[in-house]
Amino acid sequence: MFFKNRAEAGRLLAKALSHYAGQDVAVYALPRGGVVTAAEIAQRLHAPLDLVIARKIGHPRAPEYAIAAIAEDGHMVANDEELEMVDAAWLEEEKASQRSEAKRRRVMYLGDRPPIPAEGKVAILVDDGVATGLTMRVGILELRHRHPRKLVVATPVLPESTAERIRRDADELVALDIPPSQEFLGAIGAYYEDFPQVGDAEVVALMKRWGPAPETRPARHHGFAEREVEIRLDGATLRGTLGVPERASAIVLFAHGSGSSRRSPRNTAVARTLRDGAVATLLIDLLTEEEDESYETRFDIRLLSNRLADIVRWLGMEPVTRDLSVGLFGASTGAAAALQVAAELGNRVAAIVSRGGRPDLAMEALPRVVSPTLLLVGSEDRDVLALNEKAYRALRCEKELEIVAGATHLFEEPGTLEKVADLALDWFLSHARPRLQAL
């Protein structure tokens, strides 16, 4: 069976899937080609369209030959025999690199829009054709962990040998043509009259029309008491601003970057969002005015870490904060200090968020960090992004690397700092509160 183009194949698949019309359905595409086909299905089933982004891992000596595929969430399928023949350290590096690329592509295609939940739905996973099935299988694995009511794979064409495997992994396979493996033409494009390469711009345009809507967060305002504090450490007097909302169960201590201060407009904006979410904040200068004039002192990670650790202990003794779990928010060099402290204090630090940080400056400490860590980097802050990717691979704790679309180092672009604040609040609410009793 031959198809005029991907859109026609999608329309034919939609007819084969028409019995799902009116049900709670979500359509997921494997980009890039699969998005064109999936958009036709989503339109005709009146269903939302989302992406499942999978990346192939090529053999180190023949990159065009795929030996595995990895999804955004880290799930992987592989040819086990081939994996046994490659260097384990190389494989871990490649897995981290491809997973990071998958996340970057989600930001490029969808911006800030959240994934469509699959739980309880009929999840239909679509591609424009399947050959070996590595990316489709890892897509199935990722969707399966989102707990859909039923997982359906829809594709215009695939060989019988691949179809047998897909049937074992999915709940249902809907295909328009399943040629015997020995008769399969070897390339998906051979089954189309018109099979041009699908560009990133086309994917973005389709997802703007059919993709999930941007997430909105209801405002949450709580009364809070704010006061100036002074903490004396080793002959230095450090000044800060403490804000404790009603019903707070966690406090976030800000570690500012080089040349910044507790009055940083970016950190104060993030702190405001945290307090609106009932998370207490302490913005404090880790250096005195005289010390901050010295370039060497600004980059003295050991000095910054020691003072940050002492402030964590101070919070544990103050009546208004001693019952709160402690999170750390680090920017620039402050992120390195926060991670260094977390490595030393263990579970006393409930969670960490780094904004445009330099975690690479604490590289030796990273494998010892046990606190859940979120690294936030702008997509246009390329040098710092590369350093964060390197640090991300060194971390052994629960971790996420989030790339904020369109943001440069200072997150000055419209909406980017708000995105940072929302992500930070979600991270601290998810990880600081559950650890409260453990602390």
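The values are calculated or read from the model by the stated rules, or taken from the named source; none is laboratory data. From a predicted model like this one, the values you see are computed outputs, not experimental measurements. Neighbour counts are summed over all protein chains in view; Cβ atoms, including those assigned to glycine, are modelled from backbone coordinates with ideal geometry.
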Listed by first then second residue, the pairs whose first member lies in the range 343-356 and is farther than 21 Å from Asp426 by Cβ, whose partner is buried (at least 24 other Cβ atoms within 10 Å of the Cβ) and of a type in the set (Val, Ile, Thr), with beta carbons under 8 Å and at least 6 positions apart or on separate chains, are Ala343/Val369; Arg348/Val326
Looking at the range 131-166, which of its residues are touching a strand residue (DSSP E or B) at 6+ places or on another chain (Cβ under 9 Å), among the β-branched types (Val, Ile, Thr) and over 22 Å from Gly74 (Cβ atoms)?
-> Val152, Thr155, Val157
Taking the range 52-76 on its own, how many of its residues are in contact with a helix residue (DSSP H, G or I) (Cβ under 6 Å, 6 or more places away or on another chain), assigned to a strand (DSSP E or B) and closer than 20 Å to Arg105 by Cα?
-> 7
Residue within the range 231-246 that is at pLDDT below 75 and on the phi < 0 side of the Ramachandran plot present = no
Would the range 148-165 turn up any residue that is in a loop (DSSP other than H, G, I, E, B) and within 29 Å of Gly111 (Cβ to Cβ)?
-> yes
Output the number of residues of the range 62-84 satisfying the condition of being surrounded by 14 or more Cβ atoms within 10 Å (Cβ to Cβ) and either under 12 Å from Glu94 (Cβ atoms) or not assigned by TED's automatic domain parsing to the domain that holds Thr132 (or both).
-> 8
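So which of Leu366, Leu282, Leu385 is farther than 30 Å from Leu110 by Cα, of a type in the set (A, V, I, L, M) and assigned to a helix (DSSP H, G or I)?
Going through Leu366, Leu282, Leu385 in turn, just one is farther than 30 Å from Leu110 by Cα, of a type in the set (A, V, I, L, M) and assigned to a helix (DSSP H, G or I): Leu366.
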In the range 133-176, anything surrounded by 16 or more Cβ atoms within 10 Å (Cβ to Cβ) and over 23 Å from Ala123 (Cβ atoms) is listed as Pro159
From Val36, Val27, which residue is modelled with pLDDT of 90 or more, in a helix (DSSP H, G or I) and not assigned by TED's automatic domain parsing to the domain that holds Leu401?
-> Val36
For the range 265-282, pairs from a residue that is closer than 15 Å to Glu228 by Cβ to a residue that is in a strand (DSSP E or B) and among the polar types (S, T, N, Q), with Cβ under 7 Å and 6 or more apart or across chains, are Ala271/Thr281
